[in-house]
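This report refers to the structure that appears directly beneath it.
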Amino acid sequence: MSILDVTIPQMGEGLQEARLLRFLKQPGDVIKRDEPIFEMETDKATMEIEAPVPGVLIEWLVAEDAIVPIGAVVGRIESHSAVTEATSPQAPSSSKAPEVSAPRGAAAPAARNALLPPRTRAYARECGLDEDELQRIVTSVGRKVLPADVDAWIAGRGAETTAGQAGQYEDVPLSSAQRTLVYRLQQRAGEVISATEEIEVPWEPIDRVRRDLKEMARKAGADVPTPFLLFAWCVVRATIGHPVFRSTYQGNGMIRRHAHLHLGIAVTRDDDELATARVEAADALSFWEFVGAASRAIKRARNGEDQATALMQLSLSNLTGSGVTRAIPVVAAPAVGTIFVGAVHHAPEMRDGQVVLVRRATVTLTFDHRITNGAGAARFLSDIRAAVAGLTTEALGTPAS
């Protein structure tokens, strides 16, 4: 009978960490070899990880939704077949328990874990230390960590707290949703070479058309389009003439031009949490189909459904009611761009020789410079403005009753 470590496998070159989404097995469960035991997410994909041996799951060492380094030990399995497995040609020697994978790129995390004996790890957890602090102790000590090293670390931490009484503070953990957002941005935003442009867009056509559509939608029992969804529809129509904005960068000098645009819409939840709604094949929908699909996706996002793991080439961020007129959005690969639309405001404009105030919104596009350049982005923004300026009730059709 042997105890085997379950680790986070290396699933691609350059990956440093992964998010453990959920456990598919619980402590005490009997598991079969190659049976999925947990699900994880990297910046490349979401996947199920299988058990390396049959046996009984003893424990999980991290929580669901944790972000852990590649090669980290996340659980343990008790197995009768461990000796047999350990002597197989691809397995580690019998002196070391086999892992879920033998990650080539995870030598540093694996080495750090080797410096944390189970007895020390258990003692540290009893003392309330988390995985981040454990790894900092390993880095600080530079050798196999003993319980005495944990005591010294805690004592030093207490001394720092005493010295800092004059500037008291509270460490507050991020919410699960915010940790997920941080993880994805750290993994994906760094891949993009971003550039930003902005343009002023007339808002009066949107106001006028929405007044016409409100009663029409109510009579048909359809979702009433918000001003933002009318703007989003204009963005969707503009992408038809700009296929680069439904593309993704593949590396090695290649981009993949997708048949349809999968649109992301940023959704604010309680406590400033940010979620993303996804409208699949938005450019293949009629206007009223788009309004319905977007409304349902936004509702699901507000209710906590994570839609951000699926492909979205272009995302929209809406602060039209916030008073904020300008912002620079970020782009996270594989998306090619993010569009921010700010608060509607009054701006002077010449009409018939007179200066009048008109309602406008500033639209900002941050795009991946690897896929398109400034002139192409400017043409796309100009076509969005033209789509808004030319918006008519007749062109949108009638909702199905």
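The values are calculated or read from the model by the stated rules, or taken from the named source; none is laboratory data. Computed from a predicted model, the values in this text were never measured in an experiment. Backbone-built Cβ (ideal geometry, glycine too); neighbour counts: all protein chains shown.
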In the range 283-306, residue surrounded by the most Cβ atoms within 10 Å (Cβ to Cβ) [restricted to those that are of a type outside the set (D, E, K, R) and farther than 27 Å from MET216 by Cβ]: GLY304
Does ASP207 satisfy the condition of being surrounded by fewer than 14 Cβ atoms within 10 Å (Cβ to Cβ), assigned by TED's automatic domain parsing to the domain that holds ALA333 and under 30 Å from MET312 (Cα atoms)? yes
Would it be correct to say that GLY304 is in a loop (DSSP other than H, G, I, E, B), closer than 21 Å to ALA361 by Cα and of a type in the set (Gly, Ala, Ser)? no
For residues that are in a helix (DSSP H, G or I) and modelled with pLDDT of 95 or more, scanning just the range 255-287, find the one that is farthest from the chain's Cα centre (by Cα). PHE287
Selected residue (only one of THR366, THR362, THR320 is in contact with a Pro (Cβ under 6 Å, 6 or more places away or on another chain) and not aliphatic (A, V, I, L, M)): THR366
Out of the residues in the range 218-254 meeting the condition of being surrounded by fewer than 18 Cβ atoms within 10 Å (Cβ to Cβ) and hydrophobic (A, V, I, L, M, F, W, C), tell me which one is farthest from the chain's Cα centre (by Cα). ALA220
Do any residues in the range 233-255 that are under 30 Å from LEU391 (Cβ atoms) have Cβ atoms under 8 Å from those of residues that are acidic (Asp, Glu), where the two are at least six apart or on different chains, and which pairs are they? VAL236/ASP283; ARG237/ASP283; ALA238/ASP383; THR239/ASP283; ILE240/ASP283; GLY241/ASP383; HIS242/ASP383; ARG246/ASP283
If we keep only residues of the range 321-344 that are surrounded by 15 or more Cβ atoms within 10 Å (Cβ to Cβ) and not aliphatic (A, V, I, L, M), then the residue farthest from ALA308 (Cα to Cα) is THR325
So which strands (runs of 3 or more DSSP E) stay within the range 33-83 end to end and still have 3 or more residues that are buried (at least 17 other Cβ atoms within 10 Å of the Cβ)? 36-41, 55-60, 67-69, 73-79
Report whether or not VAL30 is at pLDDT 90 or above, surrounded by fewer than 16 Cβ atoms within 10 Å (Cβ to Cβ) and aliphatic (A, V, I, L, M). yes
Please identify the pairs in which a residue from the range 17-28 that is touching a residue at least 60 places away in the same chain (Cβ under 8 Å) has its Cβ atom under 6 Å from the Cβ atom of a residue that is crowded, with 16+ Cβ neighbours inside 10 Å and not hydrophobic (A, V, I, L, M, F, W, C), counting only partners at least 6 apart or on another chain. GLU17/PRO69; ARG19/GLU41; ARG19/TYR183
SER315 fails exactly one of the following numbered conditions: (1) closer than 21 Å to ARG257 by Cβ; (2) surrounded by fewer than 15 Cβ atoms within 10 Å (Cβ to Cβ); (3) in contact with a Gly (Cβ under 6 Å, 6 or more places away or on another chain). What is the number of that condition? (2)
If you scan the range 348-401, which residues turn out to be among the acidic types (Asp, Glu), modelled with pLDDT of 95 or more and assigned to a strand (DSSP E or B)? ASP368
From (1) small (Gly, Ala, Ser); (2) under 30 Å from THR42 (Cβ atoms); (3) without any contact (Cβ under 8 Å) to a residue 12 or more places away in the chain, pick out the condition that doesn't hold for ALA375. (2)
Give the number of residues within the range 255-282 that are surrounded by fewer than 18 Cβ atoms within 10 Å (Cβ to Cβ) and of a type outside the set (S, T, N, Q). 14
Which condition from (1) at pLDDT 95 or above; (2) over 30 Å from THR309 (Cβ atoms); (3) not β-branched (Val, Ile, Thr) is the one that ARG211 breaks? (1)
